Amino acid sequence: MARAPQDVTDAELDVLQVLWKHGPLAIRRITELLYGECKTSQYATVQKLLERLEAKECVARDRSSNVHVFSAQVDREELVGRRLQAVAEELCEGSLTPLLTNLVQMQKLSAKDRQMLRELIDEHDAAKPKKDRRERK
């Protein structure tokens, strides 16, 4: 049975943001990018965050050299999807419609964003079996 993915804390998300932006890095470099310097306590904090992310299978550690290098194993889109689904489950009884409607109403979408959404909906509709489309009519 597959393990349910665990959510990440805000501090863990900060580490993932660095890895998504910069690619695989050593702990010292991650610490510098997060804090601007690399004090012992900050290094230890980042090390602990990476250990937790590794346990959650969100990062991988390359142990092939003396300096371990960490890389993100979960991409931004997957994490966004997970979090949005959790919000939909908690606030909207699992339906994404109220969540999406609210997001669209709260912020004016650019022409490019609207076109992207139209294309996404068209692709989604095209992928559905014909039987499902007849039932909706």
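The values are calculated or read from the model by the stated rules, or taken from the named source; none is laboratory data. Keep in mind the model is a prediction, meaning the values are calculated, not measured. Cβ sites come from the backbone with ideal geometry, for glycine too, and all protein chains shown count toward neighbours.
Pick from segment 10-60 the residues that are among the acidic types (Asp, Glu) and touching a helix residue (DSSP H, G or I) at 6+ places or on another chain (Cβ under 7 Å): which of them is nearest to Gln73 (Cα to Cα)? Let's see the steps before the verdict.
Restricting attention to segment 10-60, the residues satisfying the condition of being among the acidic types (Asp, Glu) are 10, 12, 14, 32, 37, 51, 54, 57.
Filter again for touching a helix residue (DSSP H, G or I) at 6+ places or on another chain (Cβ under 7 Å), leaving 12, 14.
Numbers: Glu12: 13, Asp14: 15 Å.
Among those that are among the acidic types (Asp, Glu) and touching a helix residue (DSSP H, G or I) at 6+ places or on another chain (Cβ under 7 Å), it is Glu12.
May I ask you to list the residues in segment 88-106 that are over 18 Å from Ile121 (Cβ atoms), of a type outside the set (A, V, I, L, M, F, W, C) and not in a helix (DSSP H, G or I)?
The first filter runs over segment 88-106 and keeps only residues over 18 Å from Ile121 (Cβ atoms), leaving 89-94, 106.
Those still in the list that are of a type outside the set (A, V, I, L, M, F, W, C) too: 89-90, 93-94.
Passing the criteria: Glu93, Gly94.
Check whether at least one residue in segment 55-70 is within 21 Å of Val8 (Cβ to Cβ), among the aromatic types (Phe, Trp, Tyr), in contact (Cβ under 8 Å) with a residue 40 or more places away in the chain and surrounded by 12 or more Cβ atoms within 10 Å (Cβ to Cβ), and report yes or no. Please lay out each step first, then the result.
In the first step, residues of segment 55-70 are kept if they are within 21 Å of Val8 (Cβ to Cβ); the result is 55-62, 68-70.
Narrowing further to those that are among the aromatic types (Phe, Trp, Tyr): 70.
Checking the rest, the ones that are also in contact (Cβ under 8 Å) with a residue 40 or more places away in the chain come to 70.
When the remaining residues are screened for being surrounded by 12 or more Cβ atoms within 10 Å (Cβ to Cβ), the result is 70.
Yes; the residues of segment 55-70 include at least one that is within 21 Å of Val8 (Cβ to Cβ), among the aromatic types (Phe, Trp, Tyr), in contact (Cβ under 8 Å) with a residue 40 or more places away in the chain and surrounded by 12 or more Cβ atoms within 10 Å (Cβ to Cβ).
Output yes when any residue across segment 43-53 is loosely packed, with under 11 Cβ neighbours inside 10 Å, in a helix (DSSP H, G or I) and out of contact with any Cys (no Cβ under 7 Å at 6 or more places or on another chain), and no when none is. Reasoning before the result, please.
Residues of segment 43-53 that are loosely packed, with under 11 Cβ neighbours inside 10 Å, as a first pass: none.
No, because not a single residue in segment 43-53 is loosely packed, with under 11 Cβ neighbours inside 10 Å, in a helix (DSSP H, G or I) and out of contact with any Cys (no Cβ under 7 Å at 6 or more places or on another chain).
Is at least one residue of segment 25-42 surrounded by 12 or more Cβ atoms within 10 Å (Cβ to Cβ), in contact with a strand residue (DSSP E or B) (Cβ under 8 Å, 6 or more places away or on another chain) and either assigned by TED's automatic domain parsing to the domain that holds Leu120 or not in a helix (DSSP H, G or I) (or both)? Explain how you work it out, then say what you get.
To start, the set of residues in segment 25-42 that are surrounded by 12 or more Cβ atoms within 10 Å (Cβ to Cβ) comprises 25-35, 38, 42.
From the residues that got through so far, the ones that are in contact with a strand residue (DSSP E or B) (Cβ under 8 Å, 6 or more places away or on another chain) too are 25-27, 30, 33.
Among the residues that remain, those that are also either assigned by TED's automatic domain parsing to the domain that holds Leu120 or not in a helix (DSSP H, G or I) (or both) are: 25-26.
Scanning segment 25-42 turns up at least one residue that is surrounded by 12 or more Cβ atoms within 10 Å (Cβ to Cβ), in contact with a strand residue (DSSP E or B) (Cβ under 8 Å, 6 or more places away or on another chain) and either assigned by TED's automatic domain parsing to the domain that holds Leu120 or not in a helix (DSSP H, G or I) (or both).
Residue-wise test of (1) more than 30 Å from Asn102 (Cα to Cα); (2) basic (Lys, Arg).
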| position | (1), (2) |
| --- | --- |
| Thr9 | no, no |
| Lys56 | yes, yes |
| Ala60 | yes, no |
| Ser71 | yes, no |
| Arg83 | no, yes |
